[in-house]
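The values are calculated or read from the model by the stated rules, or taken from the named source; none is laboratory data. This structure is a prediction, so every number in the text was calculated from the model and none was measured. Positions of Cβ are backbone-derived with ideal geometry, glycine not excepted, and every protein chain shown enters the neighbour counts. Areas reflect the complete protein model, heavy atoms only, side chains present, ligands, DNA and RNA absent. Shrake-Rupley method; radii C 1.70, N 1.55, O 1.52, S 1.80 Å.
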Amino acid sequence: MDSLPPGQRLALALHRATALVDRVADAYLQPAHGITVSAFRILITIQALQPTRQSDIARALDVSRASVTQRLSALTGRGWVEVTPDPADSRAHTVSLSPTGTELLTAAWAGLDRSHDGLENGVDLAALEQALDALAVNARRHLSTIAATGHRP
């Protein structure tokens, strides 16, 4: 991997770390709470934005609105999410966690903290968060340049 250019090393390291951390989370979340890390990510986003619209959730997760609609159906069916008509726009829906969804997140976060014992060892979490935020800003800038010009800068 050392022979790869820095951008490729970063992409591989980021992908590998994300995949492994997601597997660790899934190893706890699925048996303990019956939820995948993907569904957990949606619940976290809803909690952070609520009450919110489906389009805002899609934008925050960088997925399609149709993908969010499909996932919300499953989460609503489990009683974790409430979807109601948006009073400001009859074509939109407002999404919030149900009390059961809030309880699930509280219990799941506590369990993840216990089950991840040592996962962050040797990691400067503040520096990592700052670096990832900078990477996200750079990626958004790059994507907006492509959208505005129709080609790579």
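Quick look at the numbers
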| item | result |
| --- | --- |
| Gyration tensor verdict on segment 52-93 (Cα atoms; rounded if a/c is under 1.5, prolate if a/b is larger than b/c, oblate otherwise) | oblate |
| Accessible surface, the chain, averaged per residue in Å² (probe 1.4 Å) | 66 |
| Distance between segment 22-77 and segment 102-137 - C-alpha centres, whole angstrom | 17 |
| Surface share of carbon and sulfur [accessible, 1.4 angstrom probe, percent] for segment 112-153 | 55 |
| nm² value of the averaged projected area, convex hull over the Cα atoms of segment 1-97 | 7.7 |
| Cα point-scatterer Debye curve for segment 72-112, base-10 log of I(q)/I(0) at q = 0.23, 0.33 Å⁻¹ | -0.74, -1.01 |
| Tensor-based shape of segment 16-153 (alpha-carbon gyration tensor, a/c under 1.5 rounded, otherwise prolate or oblate) | oblate |
| Extension gain, SER115 back to HIS15 (0.36 nm per residue minus Cα-Cα distance, nm) | 33.8 nm |
| Within-15-Å neighbourhood charge of LEU49 [Cβ basis; K, R +1; D, E -1] | +1 |
| Cβ-Cβ FRET estimate between ASP124 and ASP26, R0 fixed at 25 Å, reported to 0.05 | 0.50 |
| Inter-site label distance for ARG91 and ILE146 at 7 Å from Cα along Cβ, in nm | 2.7 |
